[in-house]
1. Taking segment 113-138, which residues are within 18 Å of residue 90 (Cα to Cα) and more than 15 Å from the chain's Cα centre (by Cα)?
2. Any residue at all in segment 99-110 that is touching a residue at least 24 places away in the same chain (Cβ under 8 Å) and either surrounded by 14 or more Cβ atoms within 10 Å (Cβ to Cβ) or more than 12 Å from the chain's Cα centre (by Cα) (or both)?
3. State all residues of segment 129-148 that are over 12 Å from residue 77 (Cβ atoms) and touching a helix residue (DSSP H, G or I) at 6+ places or on another chain (Cβ under 6 Å); if no residue qualifies, say none.
């Protein structure tokens, strides 16, 4: 029997993430389900990381006042479309990022909550397989260049 991740003394969220990435259950047994679309777990993670990173860079490049919620929504939507690992990574990354922004950068809690709401809107749209630009259009600021 494979060694359980829980037996390694790792925090629960790390064990859960490793299981998702490797496609194993709690006992370390291999799962056959690669999530929606048949994308392997490691590929889902790569897609999610790339989606969030690309949207973050686009947000910085655009420098558009009030545009951050749109980019949050779109990035988390694209990450969630990758599959269950994309959803899990999106959720964890959003939580860590907003906590860091509050503690380190001193952002107010209401700003973090608004970002989390945009993240959740995007994740829900991605899970349903919706077009991310359309699903996040309500968060898109007027005048933002069409390329975004």
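1. Within segment 113-138, 113, 114, 130, 131, 133, 135 meet the criteria.
2. Scanning segment 99-110, I find no residue that is touching a residue at least 24 places away in the same chain (Cβ under 8 Å) and either surrounded by 14 or more Cβ atoms within 10 Å (Cβ to Cβ) or more than 12 Å from the chain's Cα centre (by Cα) (or both), so the answer is no.
3. Within segment 129-148, 140, 148 meet the criteria.
Taken together, the values in this text are just the output of simple stated rules run on the coordinates, not laboratory data. Note that the structure is predicted; figures quoted are calculated from it, not measured. Note: ideal-geometry Cβ built from the backbone for every residue, glycine included; neighbour counts use all protein chains shown.
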